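Values quoted throughout were computed directly from the atomic coordinates according to the rules given, and no laboratory measurement underlies them. All figures in this text were calculated on a predicted structure; none of them were measured in a lab. Don't worry about glycine lacking a Cβ; one is built from the backbone with ideal geometry, like all the others, and counts go over all protein chains shown.
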Amino acid sequence: MIALTIQSSTLAITAALTGIGLVALALWIAGLISPRSFNPQKGEAYECGIPTRGESMAQFKVGYYLFAILFLMFDVECVFLFPWAVSLRSLGTAGLLSVGVFFFILVLGLVYAWRKGALEWK
Amino acid sequence: MFDFSIITTWIDNLLRSFMPEWLTVVTECVLIGFVLLLAYSLLALFYIYFERKVCAAFQCRIGPNRVGPWGLLQSVADMFKILIKELISLKYTDKFLFALAPYLVILASMLTFAVLPWGNGLQIINFNIGIFFLIAVSSIGVLGILLAGWSSNNKFTLIGAMRSGAQMVSYELSIGLSVLTMVAFAGTMNIVEIVEAQDRLWFIFSGHLPALIAFVIYMIAGTAETNRGPFDLPEAESELTAGYHTEYSGIHFGFFYLAEYLNLFVVSGVATLLFFGGWMPLHFPGWDGFNEIMNYIPSIVWFIGKAVALSFIIIWFKWTFPRLRIDQMLSLEWKYLLPINLFNLVLMVLVIAYGWFI
C-alpha cells in the first residue's frame with residue numbers, strides 16, 4: 001500500500017478522514033434505520049432509577065490534577081529524550097554525559113515528588 | 001519473502017497511465033481509505049468474536065455458537081443489532097462535546113491503525129518519526145474519553161472519565177519510556193527500518209535483558225492503556241455501571257466499543273513491531289534451512305498472527321488478576337514501573353555502549 005509518490009502527511013490526513021467518515025457514515029445509517037419514540041423520562045440522566053440530585057459537572061478530587069501535572073513534566077522530558085535515543089551511537093561519550101546530567105535532574109524530580117508525598121492517593 | 005509493493009506499484013502505474021497526476025493521488029487516497037475501513041471493521045468483528053470465545057473458554061462455557069458456523073456470524077449480527085437501536089438524545093448533556101467524543105476516539109485508533117507495518121511493502125503511512133507519531137496520536141483517545149465523561153453530565157461518567165484520564169495518562173509514560181528504550185536500541189524511529197533491523201534476530205532475543213524488561217513493562221502499560229483486564233476501573237461494572245460511556249446509546253456506544261477492541265490490536269501490534277519483528281519471520285542466525293522455511297509464510301500472516309497471540313495474553317490477564325484499586329493502580333505506575341523503566345533505560349544504554357547485545 002506504500003504509494004511511493006504520495007506524501008506521508010497526505011496519507012495521515014487520509015487516515016484521519018477515514019476515521020471521521022466511518023463515524024459519520026455509521027451515524028447516518030443508524031439515523032435512517034433506527035426507531036424514534038419520545039418519552040420525557042428518556043432524557044433524564046441514568047442514575048439508579050431516581051432523579052439526579054445536584055450538579056453533575058461538579059468539583060472532583062484534586063489528586064487527579066496532581067497526577068496530570070506530574071505526567072506533563074515527565075512526558076515532556078521523555079519527548080526530549082527521543083532525538084537523543086535515535087542518535088545515541090553517533091553522539092558518543094559527550095552526548096551520553098550531557099544526557100546523564102539531564103537524566104539525573106529528571107530522577108531528582110521524581111524523588112522530590114515522592115518525598116513530598118505527591119504520589120500518595122489520599 | 002513476497003514483496004507487496006509489487007502490487008501497489010502496479011496499481012500506481014496502471015492509474016498513472018490514463019489519469020493526470022492529481023487524479024491519481026486522489027484515487028489512491030480513496031482506495032487506501034476503503035482498504036483501511038475494510039481492514040478496520042473486519043478486524044473489529046473478528047476481535048469481538050475472538051474475545052467472547054476466549055472468555056467462554058476460560059469460564060468453561062461454549063460461547064457464541066448459534067449464528068453461522070461456530071457462531072462466526074455472531075458479531076455481524078451484533079453490529080446490525082446495534083445499528084437499529086435508538087440514539088437517545090439526553091436533556092442535560094453538552095450536545096456538541098457529546099457528539100464530538102466518538103469522533104476523537106475513532107480518529108485516534110484509526111490513525112494508529114494506519115501506521116502499523118502490515119507486511120513486506122504493506123505500510124500505509126511511512127513517517128521517518130513513525131513510532132513517535134504513533135505515541136502522539138494515540139493520546140488523542142484520552143481526550144475523547146474525558147470529553148465523553150464530562151459532557152454526559154452524569155456522576156458515573158464523570159468518575160469514570162477522571163479515573164480513565166489519570167490511568168491512561170500515567171501509563172502512557174511507561175509506554176513512552178519502554179518505546180524509547182527500544183528506539184535507543186534500534187537507533188531509528190522509522191517503522192520500516194525498525195522491522196528490517198530485526199531481520200537477523202527479533203529484538204526480544206537480541207536486546208539482552210533490557211529488551212525483556214521493556215517488553216514486560218510495555219505489556220502491563222498496554223493493558224492499562226486499553227482500559228482492560230485488571231485495570232478496568234474506568235468502566236468497572238460493579239461500581240460505575242459502564243463508566244464514561246454510560247449515557248451513550250446505540251451506535252454511539254458502539255464506537256467506544258469498537259475503538260477499545262482496535263486499541264487492543266494496536267497495542268499488541270506495536271509490541272509485535274518493537275519486540276517480535278513486525279512482519280519479519282522467525283529467523284535465527286546460522287539456521288539457514290529453518291530461516292528459508294519460515295520465509296514461505298506470508299509476512300501479513302506473521303504480523304496478524306503475532307499480534308493476535310499477544311492480544312490473547314492481554315485477554316488472559318483479565319481472567320487471571322482481580323481489579324486494582326485506584327491508589328494501587330497509580331502507585332504501581334509511579335512507584336514501580338516508572339523507576340524500573342528509568343533504570344532499564346540506563347541498562348540499555350550500557351548494553352549498547354559495551355556492545356553486549358547478540
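Once every DSSP H run of n ≥ 4 in chain A is given -39500 (n - 2.57) and the sum is divided by its residues, what mean residue ellipticity at 222 nm do you get, rounded to the nearest 500 deg cm²/dmol? Don't jump to the answer; show the numbers that get you there.
Details: 3 runs with 79 residues, N = 122.
Computed ellipticity for chain A at 222 nm equals -23000 deg cm²/dmol.
Remark on the stretch B:76-354: hydrodynamic radius 19.7 angstrom, per the Kirkwood mean of 1/r across alpha carbon pairs. Over all other residues within a Cβ to Cβ distance under 15 Å of B:Ser178, the charged ones net out to -4, with Lys and Arg as +1 and Asp and Glu as -1.
Within chain B, the selection of entire DSSP H helices by a Cα span of 27 Å or greater along the long axis and an average Kyte-Doolittle value of at least 0.5 returns B:21-58, B:95-115, B:155-186, B:250-275, B:299-320.
In terms of overall dimensions, the C-alpha atoms belonging to the stretch B:236-358 reach 57, 37, 24 Å along their principal axes, ordered largest to smallest. Rounded if a/c is under 1.5, else prolate if a/b is larger than b/c, else oblate: which is the stretch B:164-273, with a ≥ b ≥ c the root eigenvalues of its Cα gyration tensor? In terms of gyration-tensor shape, prolate.
Of all lysines in the structure, those lying under 21 Å Cα to Cα from A:Lys122, and not within fewer than 8 positions of it along the same chain, are A:Lys61, B:Lys155, B:Lys335. Remark: the stretch A:8-115 projects, on average over all directions, an area of 14.1 nm² (convex hull of Cα atoms).
Which shape class applies to the protein assembly as shown: rounded if a/c is under 1.5, otherwise prolate when a/b exceeds b/c and oblate if not, where a ≥ b ≥ c are the square roots of the Cα gyration tensor eigenvalues?
Since a/c reaches 1.5 but b/c is at least a/b, the shape of the protein assembly as shown is classed as oblate.
Listed peptides B:96-109, A:71-84 appear in the order B:96-109, A:71-84 once ranked by packing, highest mean of other Cβ atoms within 10 Å at the front. At full extension, B:Leu97 and B:Arg323 could sit 78.4 nm farther apart than now, given 0.36 nm per residue minus the alpha carbon distance.
Relative to one another, the C-alpha centroids of the stretch B:166-234 and the stretch B:92-156 are positioned 19 Å apart. Evaluated on the stretch B:1-111, the Kirkwood hydrodynamic radius is 18.3 Å, with distances taken between all distinct Cα atoms. The overall shape of the stretch B:185-240 is prolate: from the C-alpha gyration tensor, with semi-axes ordered a ≥ b ≥ c, the ratio a/c is 1.5 or greater and a/b exceeds b/c.
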